[in-house]
Amino acid sequence: MKKQAAEVQSAQPLCHGILPAPYLFLLIMQDNMLQHAPLGQDVAFPQAYDPLLLFPISRSTNRQTLPIPAKWYGADIWNAYELSWLTPRGKPVVAVGQFTFPYSSPSLVESKSFKLYLNSFSEERYVDAAAVSAVMRHDLEKVTEQQIAINIVPLSGNERQLCQPLEGINIDAADIEIKHYSPAPERLACLSDASVVTETLVSDLLKSNCPVTGQPDWASVQIRYTGPQINREALLEYIVSLRRHTEFHEHCVEKMFCDIWAACAPQALFVRACYTRRGGLDINPWRSSEPAQPQPARTIRQ
């Protein structure tokens, strides 16, 4: 996996409950930009290869609202399960693909445009998977303005893939009362007189919503940190508070990372979300305060 680091300027955190005028302006900018995206619109199924289907979304708009640390690391790992093309003799090939976009790319790719783009290969003829990868790498790097990693594997009929829960202590059994269903980073807290620990916490209760269609995005989240021990009940309240939040997958993970970083001041922090598969794609962003090589993960909902 390719990982690249870049220094990012910190922004002032949001005032809870009230959106500052600059943040409202950013939201309006994003809404205007997404009006031209294929997401939420009726779009004809592509009949031929078309790189112009790819629709970039700037990462900077959302990041201007986050208290980002001076340095951080990460990637967005997309798994594609509906990938096909034709051999030179016209025989279909089906494959699965993994696309790793570094967090430092100026833009991410809107998911529906990416699905349409992948589908545009279905009637095209290529010598092999390497030829397909070369075309996709060229197109995606042009849109995201960053090098990406691609692994496309044609199916042989004998593949097996194990689904398993994310590694860590699952905190979902906590007997808590939930009162907040919009982001409540003020709920985050460490235990009083907390000692420094290293632990990994997991929850399957993350839900956010697509900012265009309003459809739910379901995910399991993994949080690994070293620092004063985090109050697990408070952390679960915070995770559930994103239930009515509207942001793309990558932005939600960055928000969680920055909120935990600001509220709990860990020495090291890693946040990953594995989102449920939709439209033949599952999206798995991770962000870390240190260089990391996350173990491959595939949950039962993917």
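The values are calculated or read from the model by the stated rules, or taken from the named source; none is laboratory data. A quick note: this is a predicted structure, and the numbers were derived from the prediction, not measured. Because the Cβ atoms are built from the backbone with ideal geometry, glycine has one as well, and the counts that use them run over all protein chains shown.
Name the pairs whose Cβ atoms lie under 7 Å apart, with the first residue in the stretch 245-269 and without any contact (Cβ under 8 Å) to a residue 12 or more places away in the chain and assigned by TED's automatic domain parsing to the domain that holds L66, the second outside any helix (DSSP H, G or I) and polar (S, T, N, Q), and 6 or more positions between them or separate chains?
Here the result reads none, with nothing in the stretch 245-269 linked to a residue that is outside any helix (DSSP H, G or I) and polar (S, T, N, Q).
Out of the residues in the stretch 48-91 meeting the condition of being in contact with a Ser or Thr (Cβ under 8 Å, 6 or more places away or on another chain) and among the polar types (S, T, N, Q), tell me which one is modelled with the highest pLDDT.
The residue in question is S84.
Residue-wise test of (1) touching a Leu at 6+ places or on another chain (Cβ under 9 Å); (2) within 25 Å of D204 (Cα to Cα); (3) modelled with pLDDT under 95; (4) surrounded by fewer than 12 Cβ atoms within 10 Å (Cβ to Cβ).
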residue	(1), (2), (3), (4)
S122	yes, no, no, no
A129	no, no, no, no
E141	no, no, no, no
G157	no, no, yes, yes
A173	no, yes, no, yes
K179	no, yes, yes, yes
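Filter the stretch 130-171 for residues that are among the charged types (D, E, K, R) and not in a loop (DSSP other than H, G, I, E, B); which is nearest to P51 (Cα to Cα)?
D139
Can you tell me how many residues in the stretch 172-231 are among the acidic types (D, E) and within 16 Å of C252 (Cα to Cα)?
Going through the stretch 172-231 one residue at a time, the tally reaches 2.
Restricting the stretch 248-274 to residues that are among the β-branched types (V, I, T) and surrounded by 23 or more Cβ atoms within 10 Å (Cβ to Cβ), which is nearest to the chain's Cα centre (by Cα)?
V253
Residue by residue, here is whether (1) under 21 Å from Q146 (Cα atoms); (2) of a type outside the set (A, V, I, L, M, F, W, C); (3) outside the structural domain of V143 (by TED's automatic domain parsing) holds:
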position	(1), (2), (3)
Y81	no, yes, no
W85	no, no, no
G97	yes, yes, no
S111	yes, yes, no
K115	yes, yes, no
L118	yes, no, no
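Report, by residue number, each residue of the stretch 86-144 that is hydrophobic (A, V, I, L, M, F, W, C), under 22 Å from the mean Cα position of the chain (by Cα) and within 30 Å of S288 (Cα to Cα).
V96, F99, F101, L108, V109, F114, L118, M136, L140, V143
Got a number for residues in the stretch 68-118 being farther than 27 Å from C252 by Cα and surrounded by fewer than 20 Cβ atoms within 10 Å (Cβ to Cβ)?
Residues in the stretch 68-118 being farther than 27 Å from C252 by Cα and surrounded by fewer than 20 Cβ atoms within 10 Å (Cβ to Cβ): 11 in total.
Got a number for residues in the stretch 181-199 being surrounded by 13 or more Cβ atoms within 10 Å (Cβ to Cβ) and touching a residue at least 40 places away in the same chain (Cβ under 8 Å)?
Of the residues in that region, 10 qualify.
Of all residues in the stretch 280-302, how many are surrounded by fewer than 14 Cβ atoms within 10 Å (Cβ to Cβ) and either at positive phi or under 17 Å from the mean Cα position of the chain (by Cα) (or both)?
Qualifying residue count, the stretch 280-302: 3.
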